[in-house]
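Accompanying notes for the structure given below.
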Amino acid sequence: MTVYEVLKFLGEPLERLTKAGIKSNDYKYIKLYEDYNKARKTGEKVGYVVAVLAERYQVSERTVYDVVRRFGQDCKSVSV
C-alpha cells in the first residue's frame, strides 16, 4: 500500500480531526494524559506531576503542559 492509498483511505477522518483542532500525532500522548489526571486526582501538585511525566515519557515539561492544555479543551465545532 502506498502513502497515497493510505491518505485516500483515511482522508475524511483526518480532515475531521484537523477541523476539530486535533493534531494527528497526539494519539501518542493519551497514556501521558491519563497518568496526569490520575496523579492530580490523588492530590499531587501540578509541577511535580509534570516533572515526573516529562521524565517518564522522555518529553520536555513544556510538552506535558501543552498536551494537558490541548487535551482539556473542547473540540472546535466540526461542520458535518
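The values are calculated or read from the model by the stated rules, or taken from the named source; none is laboratory data. Keep in mind the model is a prediction, meaning the values are calculated, not measured. Heads up, the Cβs are rebuilt from the backbone with ideal geometry, glycines too, and the neighbour counts pull from every protein chain shown.
Residues of segment 38-65 that are under 23 Å from LEU17 (Cβ atoms) and either polar (S, T, N, Q) or modelled with pLDDT under 95 (or both): THR63 alone.
Looking across segment 34-80, not a single residue is touching a Phe, Trp or Tyr at 6+ places or on another chain (Cβ under 8 Å) and charged (D, E, K, R).
Yes/no per residue for (1) free of Cβ contacts under 8 Å to residues at least 12 places away in the same chain; (2) loosely packed, with under 12 Cβ neighbours inside 10 Å; (3) part of a helix (DSSP H, G or I); (4) touching a strand residue (DSSP E or B) at 6+ places or on another chain (Cβ under 6 Å):
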residue: GLU12; (1), (2), (3), (4): yes, yes, yes, no
residue: GLU15; (1), (2), (3), (4): yes, yes, yes, no
residue: THR18; (1), (2), (3), (4): yes, no, yes, no
residue: ILE22; (1), (2), (3), (4): no, no, no, no
residue: GLU34; (1), (2), (3), (4): yes, yes, yes, no
residue: ARG40; (1), (2), (3), (4): yes, no, yes, no
residue: VAL49; (1), (2), (3), (4): no, no, yes, no
residue: LEU53; (1), (2), (3), (4): no, no, yes, no
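Sub-8 Å Cβ pairs linking a first residue in segment 57-74 that is surrounded by 13 or more Cβ atoms within 10 Å (Cβ to Cβ) to a second residue that is in a helix (DSSP H, G or I) and among the small types (Gly, Ala, Ser), at least 6 apart or interchain, are GLU61/ALA51; GLU61/ALA54; THR63/ALA54; VAL64/ALA54, ordered by first then second residue.
Tallying residues that are acidic (Asp, Glu) and over 27 Å from GLU15 (Cα atoms) within segment 25-74 yields 4. Of the set (1) at positive phi; (2) within 17 Å of the chain's Cα centre (by Cα), all apply to GLU61 but (1). Kindly indicate whether TYR27 is within 18 Å of GLY72 (Cα to Cα) and either more than 13 Å from the chain's Cα centre (by Cα) or loosely packed, with under 11 Cβ neighbours inside 10 Å (or both). In short, yes.
Considering the conditions (1) at pLDDT below 90; (2) farther than 20 Å from ARG69 by Cβ, THR2 is excluded by exactly one of them, (1).
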